[in-house]
Amino acid sequence: MNELHNSFKIIGLAGKPRNDVNLQMHKNVYHWLTERGYRVLVEKEVAEKLELPEHALATLEKIGQSAQLVIVIGGDGNMLGRARILAKYNIPLIGINRGNLGFLTDIDPKNAYAQLEACLERGEFFVEERFLLEAQIERNGEIVAKGNAINEAVIHPAKIAHMIDFHVYINDKFAFSQRSDGLIVSTPTGSTAYSLSAGGPILTPNLNAIALVPMFPHTLSSRPLVIDGDSKISIRFAEHNTSQLEVGCDSQIALDFSPDDVVHIEKSEHKLRLLHLKNYNYYNVLSTKLGWLKNF
(Lines give C-alpha, C1' and ligand atoms only; values in the text may rest on other atoms or scores of the structure.)
Protein backbone atom coordinates (compact mmCIF):
# COMPACT_ATOMS: atom_id res chain seq x y z
CA MET A 1 0.00 0.00 0.00
CA ASN A 2 1.40 3.39 -0.99
CA GLU A 3 0.27 6.27 1.21
CA LEU A 4 1.25 8.83 -1.44
CA HIS A 5 -2.00 8.08 -3.29
CA ASN A 6 -3.96 9.77 -0.47
CA SER A 7 -2.55 13.12 -1.65
CA PHE A 8 -3.80 12.70 -5.22
CA LYS A 9 -6.66 15.20 -5.08
CA ILE A 10 -5.86 17.22 -8.22
CA ILE A 11 -4.77 15.26 -11.29
CA GLY A 12 -3.39 16.68 -14.51
CA LEU A 13 -4.28 15.17 -17.88
CA ALA A 14 -1.79 15.89 -20.66
CA GLY A 15 -0.67 14.74 -24.10
CA LYS A 16 -1.33 15.92 -27.63
CA PRO A 17 -3.60 13.51 -29.52
CA ARG A 18 -2.71 12.53 -33.08
CA ASN A 19 -6.22 11.34 -33.87
CA ASP A 20 -9.81 11.20 -32.59
CA VAL A 21 -9.24 7.84 -30.86
CA ASN A 22 -6.67 9.44 -28.56
CA LEU A 23 -8.90 12.47 -28.07
CA GLN A 24 -11.72 10.16 -27.00
CA MET A 25 -9.37 8.54 -24.48
CA HIS A 26 -8.72 11.98 -22.94
CA LYS A 27 -12.47 12.56 -22.67
CA ASN A 28 -13.15 9.14 -21.15
CA VAL A 29 -10.36 9.44 -18.58
CA TYR A 30 -11.48 12.98 -17.68
CA HIS A 31 -15.03 11.81 -16.93
CA TRP A 32 -13.82 8.66 -15.16
CA LEU A 33 -11.69 10.78 -12.80
CA THR A 34 -14.29 13.49 -12.16
CA GLU A 35 -16.93 10.87 -11.38
CA ARG A 36 -14.63 9.61 -8.61
CA GLY A 37 -14.28 13.02 -7.05
CA TYR A 38 -10.92 14.10 -8.40
CA ARG A 39 -10.38 17.63 -9.64
CA VAL A 40 -8.92 17.30 -13.14
CA LEU A 41 -6.84 19.88 -14.99
CA VAL A 42 -6.57 19.17 -18.72
CA GLU A 43 -3.85 20.52 -21.00
CA LYS A 44 -5.41 23.59 -22.62
CA GLU A 45 -5.34 22.59 -26.30
CA VAL A 46 -6.99 19.24 -25.58
CA ALA A 47 -9.54 20.70 -23.16
CA GLU A 48 -10.63 23.28 -25.76
CA LYS A 49 -11.10 20.58 -28.43
CA LEU A 50 -13.21 18.57 -26.00
CA GLU A 51 -15.18 21.71 -25.01
CA LEU A 52 -14.58 21.02 -21.33
CA PRO A 53 -15.60 23.53 -18.63
CA GLU A 54 -13.34 26.56 -18.23
CA HIS A 55 -12.18 25.43 -14.77
CA ALA A 56 -10.69 22.28 -16.32
CA LEU A 57 -8.40 24.18 -18.73
CA ALA A 58 -4.77 24.61 -17.69
CA THR A 59 -1.31 25.19 -19.11
CA LEU A 60 1.38 22.62 -18.35
CA GLU A 61 2.91 25.14 -15.94
CA LYS A 62 -0.41 25.49 -14.09
CA ILE A 63 -0.74 21.69 -13.98
CA GLY A 64 2.79 21.44 -12.57
CA GLN A 65 2.04 24.02 -9.87
CA SER A 66 -1.36 22.62 -8.84
CA ALA A 67 -1.60 18.87 -9.48
CA GLN A 68 -0.18 16.00 -7.40
CA LEU A 69 -0.08 13.59 -10.36
CA VAL A 70 -0.07 13.91 -14.15
CA ILE A 71 -1.46 11.28 -16.52
CA VAL A 72 0.05 11.58 -20.00
CA ILE A 73 -1.90 10.00 -22.84
CA GLY A 74 0.15 9.17 -25.93
CA GLY A 75 3.49 7.67 -26.89
CA ASP A 76 6.94 8.30 -25.50
CA GLY A 77 7.25 11.50 -27.56
CA ASN A 78 4.29 12.98 -25.69
CA MET A 79 5.79 11.90 -22.38
CA LEU A 80 9.19 13.40 -23.23
CA GLY A 81 7.72 16.76 -24.20
CA ARG A 82 5.58 17.05 -21.08
CA ALA A 83 8.15 15.59 -18.69
CA ARG A 84 10.86 18.08 -19.67
CA ILE A 85 8.56 20.91 -18.60
CA LEU A 86 7.05 19.19 -15.54
CA ALA A 87 10.30 17.81 -14.08
CA LYS A 88 11.05 21.07 -12.27
CA TYR A 89 7.79 20.72 -10.31
CA ASN A 90 8.84 17.38 -8.77
CA ILE A 91 5.52 15.83 -9.75
CA PRO A 92 5.04 12.12 -10.60
CA LEU A 93 3.89 11.18 -14.11
CA ILE A 94 2.25 8.05 -15.43
CA GLY A 95 1.58 7.31 -19.11
CA ILE A 96 -1.24 5.62 -20.97
CA ASN A 97 0.47 4.21 -24.03
CA ARG A 98 -1.06 5.26 -27.36
CA GLY A 99 2.19 5.14 -29.33
CA ASN A 100 4.26 2.40 -30.95
CA LEU A 101 7.04 1.94 -28.39
CA GLY A 102 6.19 2.58 -24.77
CA PHE A 103 9.37 2.60 -22.73
CA LEU A 104 8.02 5.49 -20.62
CA THR A 105 4.28 4.89 -20.88
CA ASP A 106 3.19 1.89 -18.82
CA ILE A 107 -0.58 1.66 -18.91
CA ASP A 108 -2.24 -0.42 -21.62
CA PRO A 109 -5.30 1.48 -22.96
CA LYS A 110 -7.28 -1.79 -23.10
CA ASN A 111 -6.87 -2.17 -19.34
CA ALA A 112 -6.49 1.50 -18.41
CA TYR A 113 -9.27 1.90 -15.87
CA ALA A 114 -8.46 -1.20 -13.85
CA GLN A 115 -4.82 -0.09 -13.70
CA LEU A 116 -5.70 3.50 -12.81
CA GLU A 117 -8.01 2.21 -10.07
CA ALA A 118 -5.21 0.06 -8.63
CA CYS A 119 -2.96 3.10 -8.62
CA LEU A 120 -5.35 5.82 -7.42
CA GLU A 121 -7.72 3.91 -5.15
CA ARG A 122 -5.48 1.19 -3.68
CA GLY A 123 -2.05 2.84 -3.89
CA GLU A 124 -0.50 -0.13 -5.72
CA PHE A 125 2.42 1.72 -7.28
CA PHE A 126 5.95 2.97 -6.72
CA VAL A 127 7.75 6.09 -7.96
CA GLU A 128 11.02 5.79 -9.87
CA GLU A 129 13.36 8.75 -10.34
CA ARG A 130 15.34 9.23 -13.57
CA PHE A 131 17.89 11.96 -14.12
CA LEU A 132 17.85 14.49 -16.97
CA LEU A 133 20.71 16.15 -18.82
CA GLU A 134 21.19 19.88 -19.23
CA ALA A 135 23.00 21.19 -22.30
CA GLN A 136 24.50 24.68 -22.26
CA ILE A 137 26.10 26.78 -25.00
CA GLU A 138 29.04 28.90 -23.79
CA ARG A 139 29.98 31.90 -25.95
CA ASN A 140 32.79 34.25 -24.96
CA GLY A 141 32.64 33.01 -21.39
CA GLU A 142 28.85 33.39 -21.01
CA ILE A 143 26.03 30.82 -21.19
CA VAL A 144 23.81 32.00 -24.06
CA ALA A 145 21.41 29.06 -24.39
CA LYS A 146 20.39 25.97 -22.46
CA GLY A 147 18.00 23.05 -22.75
CA ASN A 148 17.26 19.84 -20.91
CA ALA A 149 16.87 16.30 -22.20
CA ILE A 150 15.39 13.13 -20.77
CA ASN A 151 16.76 10.81 -23.47
CA GLU A 152 19.76 12.45 -25.06
CA ALA A 153 21.59 15.55 -26.21
CA VAL A 154 22.92 15.16 -29.77
CA ILE A 155 25.67 17.33 -31.25
CA HIS A 156 25.51 17.47 -35.05
CA PRO A 157 25.56 19.83 -38.07
CA ALA A 158 22.38 21.90 -38.28
CA LYS A 159 21.56 21.41 -41.96
CA ILE A 160 23.02 18.47 -43.89
CA ALA A 161 25.08 15.48 -42.83
CA HIS A 162 28.68 16.66 -42.49
CA MET A 163 31.72 15.29 -40.73
CA ILE A 164 32.65 17.49 -37.77
CA ASP A 165 35.89 17.59 -35.78
CA PHE A 166 35.74 18.07 -32.03
CA HIS A 167 37.54 17.48 -28.74
CA VAL A 168 35.73 16.00 -25.73
CA TYR A 169 36.71 16.91 -22.18
CA ILE A 170 35.37 15.08 -19.12
CA ASN A 171 35.56 17.02 -15.85
CA ASP A 172 37.86 19.52 -17.64
CA LYS A 173 40.34 16.78 -18.60
CA PHE A 174 40.93 15.97 -22.26
CA ALA A 175 39.32 12.60 -23.09
CA PHE A 176 39.40 12.15 -26.87
CA SER A 177 39.22 13.79 -30.29
CA GLN A 178 36.79 12.63 -32.90
CA ARG A 179 35.81 13.11 -36.52
CA SER A 180 32.26 11.92 -37.06
CA ASP A 181 28.73 12.99 -38.02
CA GLY A 182 28.15 13.92 -34.39
CA LEU A 183 27.96 12.68 -30.82
CA ILE A 184 25.05 11.32 -28.80
CA VAL A 185 25.20 11.97 -25.07
CA SER A 186 22.61 9.67 -23.54
CA THR A 187 20.99 9.07 -20.16
CA PRO A 188 20.09 5.51 -19.10
CA THR A 189 16.50 6.37 -20.05
CA GLY A 190 17.66 7.35 -23.54
CA SER A 191 19.86 4.29 -23.97
CA THR A 192 16.95 2.46 -25.63
CA ALA A 193 16.22 5.38 -27.98
CA TYR A 194 18.46 7.11 -30.55
CA SER A 195 21.60 5.89 -28.79
CA LEU A 196 20.57 2.26 -29.30
CA SER A 197 20.07 2.86 -33.03
CA ALA A 198 23.65 4.19 -33.22
CA GLY A 199 25.09 1.07 -31.54
CA GLY A 200 25.14 2.36 -27.98
CA PRO A 201 24.78 0.14 -24.90
CA ILE A 202 21.55 -0.43 -22.99
CA LEU A 203 21.85 1.07 -19.51
CA THR A 204 19.33 0.07 -16.85
CA PRO A 205 17.39 3.12 -15.63
CA ASN A 206 18.77 3.10 -12.07
CA LEU A 207 22.39 3.44 -13.21
CA ASN A 208 24.18 6.71 -12.48
CA ALA A 209 25.89 6.71 -15.87
CA ILE A 210 26.06 8.62 -19.15
CA ALA A 211 26.84 7.05 -22.53
CA LEU A 212 28.85 8.90 -25.20
CA VAL A 213 28.01 7.34 -28.55
CA PRO A 214 29.70 8.49 -31.79
CA MET A 215 27.59 8.89 -34.92
CA PHE A 216 29.28 7.29 -37.94
CA PRO A 217 32.84 7.91 -36.74
CA HIS A 218 35.63 8.30 -39.29
CA THR A 219 37.69 5.57 -37.59
CA LEU A 220 36.73 2.03 -36.58
CA SER A 221 38.58 2.44 -33.27
CA SER A 222 35.93 4.87 -32.02
CA ARG A 223 33.55 3.12 -29.63
CA PRO A 224 30.76 4.10 -27.20
CA LEU A 225 32.06 5.22 -23.81
CA VAL A 226 30.12 4.96 -20.53
CA ILE A 227 31.11 7.44 -17.82
CA ASP A 228 29.99 8.40 -14.33
CA GLY A 229 26.64 10.20 -14.31
CA ASP A 230 28.01 13.08 -12.26
CA SER A 231 30.60 13.96 -14.90
CA LYS A 232 30.67 17.28 -16.72
CA ILE A 233 31.20 16.90 -20.48
CA SER A 234 32.63 19.81 -22.49
CA ILE A 235 32.99 19.76 -26.26
CA ARG A 236 35.17 22.13 -28.30
CA PHE A 237 35.15 22.34 -32.08
CA ALA A 238 37.71 22.86 -34.81
CA GLU A 239 37.44 26.22 -36.60
CA HIS A 240 37.11 24.60 -40.02
CA ASN A 241 33.79 22.94 -39.10
CA THR A 242 30.60 24.05 -40.82
CA SER A 243 29.42 27.32 -39.28
CA GLN A 244 25.95 25.95 -38.41
CA LEU A 245 26.01 23.40 -35.60
CA GLU A 246 23.26 22.25 -33.28
CA VAL A 247 22.54 20.47 -30.02
CA GLY A 248 19.28 18.54 -30.24
CA CYS A 249 17.55 17.73 -26.94
CA ASP A 250 15.30 14.64 -27.31
CA SER A 251 14.90 15.62 -31.00
CA GLN A 252 12.38 18.20 -29.81
CA ILE A 253 14.49 21.23 -28.85
CA ALA A 254 17.36 22.62 -30.97
CA LEU A 255 20.13 24.89 -29.65
CA ASP A 256 22.15 26.50 -32.47
CA PHE A 257 25.82 27.29 -32.03
CA SER A 258 29.02 27.92 -33.99
CA PRO A 259 32.49 26.29 -33.87
CA ASP A 260 33.73 29.13 -31.64
CA ASP A 261 31.31 28.09 -28.89
CA VAL A 262 31.75 25.41 -26.23
CA VAL A 263 29.00 22.88 -25.44
CA HIS A 264 28.67 21.74 -21.82
CA ILE A 265 26.48 18.77 -20.86
CA GLU A 266 25.87 17.49 -17.35
CA LYS A 267 23.17 16.12 -15.09
CA SER A 268 20.25 18.50 -14.53
CA GLU A 269 19.18 19.49 -11.04
CA HIS A 270 15.67 18.25 -11.90
CA LYS A 271 14.49 14.64 -12.04
CA LEU A 272 11.79 12.81 -13.94
CA ARG A 273 9.52 11.02 -11.47
CA LEU A 274 7.77 8.10 -13.16
CA LEU A 275 4.92 6.36 -11.39
CA HIS A 276 4.81 2.62 -12.11
CA LEU A 277 2.26 0.00 -11.14
CA LYS A 278 3.67 -2.35 -8.51
CA ASN A 279 4.11 -5.24 -10.98
CA TYR A 280 6.26 -3.13 -13.37
CA ASN A 281 9.33 -4.99 -14.60
CA TYR A 282 11.84 -3.09 -16.77
CA TYR A 283 13.20 -6.31 -18.25
CA ASN A 284 9.73 -7.32 -19.41
CA VAL A 285 9.47 -3.97 -21.17
CA LEU A 286 12.84 -4.55 -22.86
CA SER A 287 11.91 -8.08 -23.89
CA THR A 288 8.57 -6.99 -25.33
CA LYS A 289 9.75 -3.86 -27.11
CA LEU A 290 12.98 -5.28 -28.52
CA GLY A 291 11.56 -8.67 -29.45
CA TRP A 292 13.71 -10.78 -27.13
CA LEU A 293 12.00 -14.16 -27.45
CA LYS A 294 12.07 -17.02 -24.99
CA ASN A 295 13.73 -20.16 -26.40
CA PHE A 296 12.19 -22.58 -23.94
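In plain terms, the chain from THR59 to GLU269 could stretch by 73.3 nm, reckoned as 0.36 nm per residue minus the Cα-Cα distance. Given axes a ≥ b ≥ c from the Cα gyration tensor, I'd like to know whether the stretch 149-295 is rounded (a/c under 1.5), prolate (a/b larger than b/c) or oblate. Because a/c hits 1.5 or more and a/b exceeds b/c, the stretch 149-295 counts as prolate. Reported to the nearest whole Å, the Cα centre-to-centre distance from the stretch 29-76 to the stretch 219-259 is 37. Modelled this way, with points 7 Å down the Cα-to-C-beta line, the labels at ASN279 and SER7 are 2.8 nm from one another. Using just its DSSP H runs of length 4 or more, each adding -39500 (n - 2.57), the chain gives a mean residue ellipticity at 222 nm of -6000 deg cm²/dmol after division by all residues. Amide H contacts of VAL42: LEU13, LEU57, ALA58, each under 5 Å away and 5 or more positions distant or on a separate chain (H built 1.01 Å from N in the peptide plane; Pro and chain starts excluded). What the Cβ-Cβ distance of LYS88 and ASN111 gives, at R0 = 35 Å and to the nearest 0.05, is a FRET efficiency of 0.65.
Computed from point charges on the beta carbon alone (+1 for Lys and Arg, -1 for Asp and Glu), the dipole magnitude for the stretch 22-173 about its Cα centre is near 200 Debye.
Ignoring lysines fewer than eight residues from LYS16 along the same chain, the ones with Cα atoms less than 25 angstrom from its Cα are LYS27, LYS44, LYS49, LYS62, LYS88, LYS110, LYS146, LYS271, LYS289. Counting protein heavy atoms only, the chain has 48 percent of its accessible area on carbon and sulfur, 1.4 angstrom probe. Note on LYS9: aspartates and glutamates with a C-alpha under 19 Å away, same-chain residues under 8 apart excluded, are GLU35, GLU43, GLU54, GLU61, GLU117, GLU121, GLU124.
Modelled label positions at LEU290 and ILE143, each set 7 Å beyond Cα in the direction of Cβ, lie 3.4 nm from each other. The dipole here belongs to the chain: it is taken about the Cα centre, uses +1 on the Cβ of Lys and Arg and -1 on the Cβ of Asp and Glu, and is about 640 debye. Farthest towards the positive end of the charge dipole of the stretch 132-269, among the residues SER221, GLN178, HIS240, is the Cα of SER221, using unit charges on the Cβ of Lys, Arg, Asp and Glu. Packing here is the average count of other Cβ atoms within 10 Å per residue, and on that basis the peptides 138-151, 266-279, highest first, run 266-279, 138-151.
The values are calculated or read from the model by the stated rules, or taken from the named source; none is laboratory data. Bear in mind that the values here come from a model prediction, so they are computed numbers and not experimental data. We place every Cβ from the backbone using ideal geometry, glycine too, and count neighbours over all the protein chains shown. Just so you know, the surface numbers come from the protein's heavy atoms only, side chains and all, with ligands and any DNA or RNA stripped out. Shrake-Rupley method; radii C 1.70, N 1.55, O 1.52, S 1.80 Å.
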